[in-house]
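To start, the structure under review is shown below, and the notes come after it.
The values are calculated or read from the model by the stated rules, or taken from the named source; none is laboratory data. Source: prediction; values computed, not measured. Neighbour counts run over all protein chains shown; Cβ positions are idealised from the backbone, glycine included.
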Amino acid sequence: MGQSPINSFGPVYVTAVTTAGQTEKVIATLTGIAVDSTQKNVNIQGFVNITPGTAAVACIIKVRRGTTTSGTQVGTSENSIAVATDNLTIPYFVNDNPGPSDGATYVLTVTETSASADGTVNEASIWALVTQ
């Protein structure tokens, strides 16, 4: 039988966040994810609506376990072709099995490739379901 949701965390919404151009930057943080068994997964999802900075050719979205850009990457990166200064919406979904935790933290990060100026995250969200 398939997994069924047992607990929901978030969503956390952010608006009007300046990116760091070609440097990976945390744009949203989701805290307090309780996982009581190694058999449970954390499904993390949301979206990023971004206006890339000047000369940007791609936007890279990552989810990391931890509080910074050095945290463990969860799932694969979402790479989207970007046209500088054109609005872009990128959905994402990743699955993690962190093991038991009283309060795991996940962050959503953005990097713009080839950007010569910072872009703007117009809106973004991150939320999680703990499943069994």
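Restricted to region 102-132, and to residues there that are buried (at least 16 other Cβ atoms within 10 Å of the Cβ) and among the hydroxyl-bearing types (Ser, Thr, Tyr), the residue that is nearest to Ile6 (Cα to Cα) is Thr131. Test each condition in (1) in contact with a Pro (Cβ under 7 Å, 6 or more places away or on another chain); (2) at pLDDT below 90 for Cys59 and report the one that comes out false. Here Cys59 clears every test but (2). Of the strands (runs of 3 or more DSSP E) lying entirely inside region 1-97, those containing at least 2 residues that are among the aromatic types (Phe, Trp, Tyr) and farther than 16 Å from Gly119 by Cβ span 5-18, 88-96.
Among residues of region 18-31 that are at positive phi, those with a Cβ under 8 angstrom from a residue that is surrounded by fewer than 17 Cβ atoms within 10 Å (Cβ to Cβ) and at pLDDT below 95, sequence gap 6+ or separate chain, pair up as Gly21/Ser116; Gly21/Ala117.
Report, by residue number, each residue of region 99-124 that is within 14 Å of Leu88 (Cβ to Cβ) and either part of a loop (DSSP other than H, G, I, E, B) or out of contact with any strand residue (DSSP E or B) (no Cβ under 8 Å at 6 or more places or on another chain) (or both).
Answer for region 99-124, where residues must be within 14 Å of Leu88 (Cβ to Cβ) and either part of a loop (DSSP other than H, G, I, E, B) or out of contact with any strand residue (DSSP E or B) (no Cβ under 8 Å at 6 or more places or on another chain) (or both): Ala115, Gly119.
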